[in-house]
Every structure is written in C-alpha cells, then in structure tokens.
1. With no solvent and one point on each alpha carbon, what is the Debye value of log10 I(q)/I(0) for the stretch 1-126 at q = 0.11 Å⁻¹?
2. Using DSSP to define loop residues, name the trypsin sites (Lys or Arg not before Pro) in the stretch 343-439 whose beta-carbon has at most 13 other beta-carbon atoms within 10 Å.
3. Treating the angle as unsigned and between 0 and 90°, give the value, to the nearest 10°, between the Cα long axis of helix 312-324 and the longest Cα principal axis of the chain.
4. Over what distance in Å are the Cα centres of the stretch 416-445 and the stretch 81-160 separated?
5. If only Cα atoms are counted, what is the Rg of the stretch 152-221, and what is its Dmax, in Å?
6. So what's the angle, to the nearest 10 degrees on a 0 to 90 scale, between helix 157-184 and the longest Cα principal axis of the chain?
7. Could you tell me how many degrees, from 0 to 90 and to the nearest 10, lie between the Cα long axis of helix 283-296 and the main elongation axis, the longest principal axis, of the Cα atoms of the chain?
8. Which cross-chain or sequence-distant (5 or more) residues have an amide H under 5 Å from the amide H of Arg416, H modelled 1.01 Å from N in plane?
Amino acid sequence: MSATAAGRAPRNYLNASYAARSWLLTTDHKRIAILYMLSITLFFFLGGAAAALMRAELATPQGDLVSAETYNKLFTIHGIVMVWFFLVPSIPTVLGNFLVPLMIGARDLAFPRLNLASWYVFVAGSLFGIAAMLLGGVDTGWTFYTPYSTSYSNTYVVTMILGIGIVGFSSIFTGLNFMVTVHTMRAPGMTWFRLPLFVWSIYATSIIMVLATPVLAITLTLVLLERAFGIGVFDPALGGDPVLFEHLFWFYSHPAVYIMILPGMGVVSELITCFSRSRPFSYGLIAISSLAIAVIGFLVWGHHIFVGGMSIYAAMTFSLLSYLVAIPSAIKVFSWLGTMFRGAIFFSTPMLYALGFIGLFTIGGLTGLFLAALPVDVHVTDTYFVIAHFHYIMVGGMVSAYLGGIHFWWPKITGRMYPEWWGKIAALTLFLGFNLTFFPQFILGYLGMPRRYHEYAPEFQVWNVLSTAGATILAVGYLLPLAYLIWSLRYGKLAPPNPWSATGLEWQTSSPPGKDNFARTPIVMQPPYEYDPAHPEAFTPQGEEYV
C-alpha cells in the first residue's frame, strides 16, 4: 500500500526525518537552502530594525532620538548586516541551493559536504558579527574606510572584520560548488543553451564570488594588520595610502553589486517567461549578457572614487566603462519587455514582484548613469542621491526578485500554497512603500543633503518625513509575506507538482521533492521554455485568467 493510500504524506525531503540532527548534519541541498533561509531572514529583520531607528531619527532635523555616535553605529550595522549577511548570500544560498540541482536534473550539488560546511562557516562568521554588535557595535560605516578604521575608531572593528572575512569563505565555497555542479552534473541532453536562465545567472555570479571575494579577504587582512601592529599600508601617518584601500575595497565591492543583482535577474527571467506564457525574447542574449556583466563588472570600480584622487584620464576611462556595463543590463530589460509584448500576461503574485523589479531596477540603473558622469558625480557624491540609487538597485530590485522567487517556488519548497490575494497586496504595498521611502532621497541628494548625518538643515525635513512615512509602509510590505507564508505552512492548500503550469525540470518532481529529487535521471529532449503563446489557456495557473 502506498503512503498516499494509507493516509500518510508521501516521503519527501521535509519528512524524511524530523530529528534536529538530521537537519544540522544534512547534506541535502534542499535542507541546506532552508537553513540558509532561516539564517538570512533573521539578519534581514535585524538590519531592517537598524534602518527603522535611523528613519525615526531623521523624521526631525534636531537629532533628538539618538546621539551622533549611536547613529554612526546604526548605519554601520544596517549596511554590514544587509550587504554581507543578507544581500550577498540571499538568492544564491537559498534559491540557488534549492533549485540548481533540480533545474539541471542532478540529485545534489557536486560537493554536498562542502555545501553544509559553507552554512556552518556562514553561521560562524555571523556570530562574530553579532558579538561585535552586542559588545558595542562599529562606527566606521560598512566600507571601513581608512585610516579611521585602522587608527582612530575605538569600536569593535577587528571582531566585525573577522566575521565578514569568515563569511567570505562561505561565498567562495558556494560559488565553487555551483560552478563544478553546472559543468559536470547536467542531465543527458542538458546542453549549455538548454540551461534555464536562472542557472546562467547563478553560474555568472559564482565566477564573481570565486574571483572577487579573495580580494576582500586580503584587503580586510591588511586592515587588521595595520590596526593591530601599526604596519603602514593605508594610514599616511605610517607611510600608507588611504586611496589604495579604496581601490582594493571597491575592486571587490562593485563586482559584489552583481553578486547581489545577477541572481535576481535570473529569477525575473524565469518569472517573466512563465507568466507571459512566451519563450524568452532572445534567450541567447540574456544568457550571454549575464557573463558580460560578470566580466565588465570587474572593470568599473573606479567610479566610486572619482573625488578620491585620480587623474582625469583614469576618471574618463572608468566613466566610459561604467556606461558600457549598462549595455548588457539593458539587453535583459528589453528582452523581458519583448517577452511580455508577444506573450499573454498573468498578474499572479510572483509576476507582480517581477514587474516591480523591472521598474525599480530601471530607475536605479538610469540614476547609475548619472553617477557615471563626472560632473554629476562630483555634485552628488556622499549625498542621499547615492543612497537612493544604491537602494533602488539592491533593495528595491534584489529584494523584489528574492520575494518573487520565494513566492514562485514556495509551493515546490513547502508543498503548500499561500493566499494569492494577500500576496498581491504585499507586492503592491512593497512597491508603493519603497518608492515613497527612497524617491524623495534623490531630491534630497540633488539639493545637497549629505548622508551619514543624524542632524540636518530644517529645509530638508518635508522630504525626510515623506521618506520615513514610506519606510513605515515598506515595513508592512515586508512583514505581510512573513506572516502569510508562515500561516501557509499549516493552513495553506496542498500544492500540486506544477501549480503555475511552468516548464523546467524542477516542476517535473513532486511538491515538495523527494530526497533524491528524481526517481530516475531525466533526459532533456527539447529547448527550454517551450510555451505556446498562441494557446495560453493551455498553461493557465490555478485560479488565474490571462490578458
């Protein structure tokens, strides 16, 4: 008698064993993805709490809620936690871990034990970060600019840098694992140009992880050596050069922007094709543009330090390269628009997040071109214009893509459906709250309000009040999915294997998948995304109508 016939849930990766040991020692990529999801969700709300305190402080110009020292620690904690403990690992470690083997027809990643080790390394590094916060925090900003971080700050810089360095090894392990898996474990018939676009984006991201993260580790090690032993690397008083730190730091940190956003682009490519019921408009260009972004991204770090001290010829070169990296990003955006133009669009919750991504990422990308222009950059450097641009890309874009992916694959991950109307309300709330929070900051920056100040001139208050009001709405947009997704774990309807009528090997397994993913190794016989736009009703998602 089968498990279903006997009234028991079919055996899957979730109910294979309920013991804590089975989770903490698992080598199943799907369970490791869940461990990462729980970890980074904690850090997301920790970083969000710091942001909420900052916005409350900035509601009035007097700086009457927290002191300047506390405010410095708040924006440092917010930046460090969001960048290194949430944004960088988010999509690769959660959706990448869960989906890459399923999408290419593999039973697991190439190195399952290394995958588990990467999570433990992440946890170890994050404990150092939490310790630094509990002991008194750090006030250097997330960039650790020297010589302040090496010679003058009396906060827990060493502890925090150790945590970030350790977490960096987790990124390297993860990227290496993905690269080897994609090269060696594809199912028969899964050629390179039959790979899902999400896998292309994870592969390109892995290249950056493996090549760029060691530069960050070296840079932070030099900061530690100068701080601990007085070795003159960055401090001019010791014979060092602070601009050298800026070059080393941004040589990693600008490619890290693409570590954060490239996986989100891969998620959006999957969502747009599925809910447009159309093959991608130029699959090959979308795939190759991911690699182009990864390569060109290593060449544009200098635009972060136009005012830091470089020759006009170097500045013009970095300016041109910064415009160049926009081309493959634009290819993706126009390809998504072309896919929708010739498709039949369904406005399901994941699609709303994808559309939100396109709008927010486009605004962030266009304002990035402003910052690539030398005269404009000189005017708005270190103002709220830069804050707004960064958040439109990293928070508006990446978090929208992450939540869109979570909603899209939630039935596959948990075997449960969430309430669709609540999902749509959350997506629209997030889009509204985000724009109300950050668009006024473009105006503040243009008017000259500097970032990282807990007091400001009274004429800036109206824009700051709007931004704080938007942050309140944005918080609701983040808390709603947390509430109804947790609710769905117990009360949500059971999910069928393919609730969205999507293509892809991951939808050919049960929801949730079995421990080994597939009963037998699949054989791929056709190109990806074989939707028929002439008959979209044949692929209608549950409870949806096409337009």
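The values are calculated or read from the model by the stated rules, or taken from the named source; none is laboratory data. Here the structure is a predicted model, which means the values were calculated and not measured. Note: ideal-geometry Cβ built from the backbone for every residue, glycine included; neighbour counts use all protein chains shown. Side chains are part of the model used for accessible areas, which takes the heavy atoms of the whole protein and leaves out ligands, DNA and RNA. Shrake-Rupley method; radii C 1.70, N 1.55, O 1.52, S 1.80 Å.
1. For the requested q values the scattering log ratios are -0.54.
2. Details: sites: Lys412, Arg416, Lys424; in loops: none.
Listed in order of number, the matching sites amount to none.
3. The two axes meet at around 20 degrees.
4. Taking the Cα centre of the stretch 81-160 as reference, the centre of the stretch 416-445 is 26 Å away.
5. 16.6, 59
6. Helix 157-184 sits roughly 30 degrees off the main axis of the chain.
7. Helix 283-296 sits roughly 30 degrees off the main axis of the chain.
8. Counting only residues 5 or more places away or on other chains, the set is Ala495.
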